[in-house]
Amino acid sequence: MRSLIPAVLREEPQFARYFAGQALSMVGDRITFVVVPFAVLSIPGADAAEVGLVSAATLVPFLAFALAGGVWADRLPRQRVMLVSDLVRFVTQALVAGLLLSGQAQVWHLVVLMAVFGTADAFFAPAAAGLMPLIVSPDRLQEANGLRGLVMSTGLVAGPALAGGLIFLVGPGGAIALDALSFAVSAVFLARLRPRASDAAAPEGGFLAQLREGFTEVVSRSWVWSTLAALSIYHVVVLPSVYVLGPVLAEQEFGGATSWSIVVAAFGVGSIVGDLLAMRVRMKRPLVVAAAALSVAACQALIIGIGPTIPVIAALEAVTGVAVSLAFTLWETSLQAHVPQASLSRVSSYDYLLTAGLMPLGLAVAGPVAQAIGLRPTLYAMTLLAVPAALALLTIPAVRRLPAPAAS
């Protein structure tokens, strides 16, 4: 029985405590992602435009405050920043649930509360990235990140089914109430966390000076800025093939949503396999493997465009799921192991901004481009842009030389 428990949970008690709270919260986030549109549509008179408005109300504050979140997470104890964020998100989700369950919810209520939620989320994410090296020994960082990825990938597969079941049993309000509870549980575990004291000196200067210092940390490391550039291209160019063009092609040629759900599920299963590999296999040159994996992931658009049948597309997308999990786990581990503790949250905030921040641009452009030049030509063009960008990482000496985290 003991062998079934990952070593990082057995040997890193602080991470085990952190993971216990975060696992439930991460699954809750996956469920809420599916539930929120139905929560909006449950309000009399609400339509697709209001769904988009509420979604934007979460994303825009996250983008606006991501860099600020990185500055404050490097300036203050990260555990405290995360605890406050969890408590704020608990309150906002509890209010949303209460309004929905009482039948008093209006769209503007959800817009305001989701904006507060997105702001709190912007502070949590960089703080969480900076906290990891303080609760996990260097040689266990990859396993810890793989385990976190495993929970997120499992949520990707199981989340829609769980969300559907909860909506049927307790309605959107009840489902969001459970998500609120997950933040409360996470806050309890965070309050009991005892991270190692950081040996990094507190950042000096004002807010703008610290923001510039974080940018300098990014551009002064060629392996950081080059990987950020490749990941940004993946989010802007490749992911629209999955979120926009793939469903359109499935609707036109492969039978619609049911067929596309098979592809999505296969990708999720591949992601789980990738996370398990990241937990088990130690990479001597993690960014070399990450660059190779990102090159495979960048083929998603090509697979969708040339796949003759849904089973073939699903099988190949499962392979890209493995690659995506490996690439992102190894990238996160490299940041946590090789960026100075004093600036890690600020560097991570640029990561969140450039990936999550630029993806809506690609989603907005993909449709009009496909209308102008055709669906499949657009998918092929995406591949021609993204694969060379990922392979180019292998030409950067610092990417090829970056070692795995040293043993503690």
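Only the coordinates and a few stated rules stand behind these numbers; no lab work does. Remember, predicted model here, so these are calculated numbers, not experimental data. Ideal geometry is used to build each Cβ from the backbone, glycine not excepted, and the neighbour counts take in all protein chains shown.
Within the listed set VAL347, VAL312, VAL339, the residue fluctuating most in the Gaussian network model of the chain (springs between alpha-carbon atoms under 10 angstrom) is VAL312.
Considering only ALA23, MET152, ALA177, the residue lying farthest towards the positive end of the dipole of the stretch 2-191 is ALA23, judged by Cα position with unit charges set on Cβ. In terms of its alpha-carbon gyration tensor, the chain comes out rounded; the largest-to-smallest axis ratio a/c stays below the 1.5 threshold. Distance between the 7 Å Cα→Cβ label points at ALA398 and ALA49: 4.8 nm. With contacts taken as Cα pairs under 8 Å at a separation of at least 6 residues, the chain carries a relative contact order of 25 percent.
Ordered by the number of other Cβ atoms lying within 10 Å of each residue's own Cβ, fewest first, PHE328, PHE33 fall into the sequence PHE33, PHE328. Between ARG285 and ARG376, the distance separating the two model label sites (each 7 Å from Cα on the Cα→Cβ line) works out to 3.8 nm.
Using the alpha-carbon positions of the stretch 213-401, Rg (one decimal) and Dmax (whole number) come out as 16.9, 52 Å.
Need one word for the stretch 97-183: rounded, prolate or oblate. Basis is the Cα gyration tensor (sqrt eigenvalues a ≥ b ≥ c); a/c below 1.5 gives rounded, then a/b vs b/c decides. Cα axes put the stretch 97-183 in the oblate bin. Would you mind computing, in nm to one decimal, how far apart the modelled labels at LEU361 and TYR243 are, each placed 7 Å from Cα along Cα→Cβ? In this crude spin-label approximation the distance works out to 1.4 nm.
If you wrap the stretch 61-124's Cα atoms in a convex hull and average its projection over all directions, what's the area in nm²?
Working: hull surface 16.0 nm².
With the hull built on Cα positions only, its mean projection is 4.0 nm².
Based on the alpha-carbon gyration tensor of the stretch 305-348 and its eigenvalue square roots a ≥ b ≥ c, which shape applies: rounded if a/c is under 1.5, prolate if not and a/b is larger than b/c, or oblate? Because a/c hits 1.5 or more and a/b exceeds b/c, the stretch 305-348 counts as prolate.
To the nearest 20 Debye, how big is the dipole of the stretch 170-295 about its Cα centre, given +1 on the beta carbon of each Lys and Arg and -1 on that of each Asp and Glu?
On the way: 9 positive and 8 negative charges, 130 e Å.
Rounded to the nearest 20 debye, it is 620 debye.
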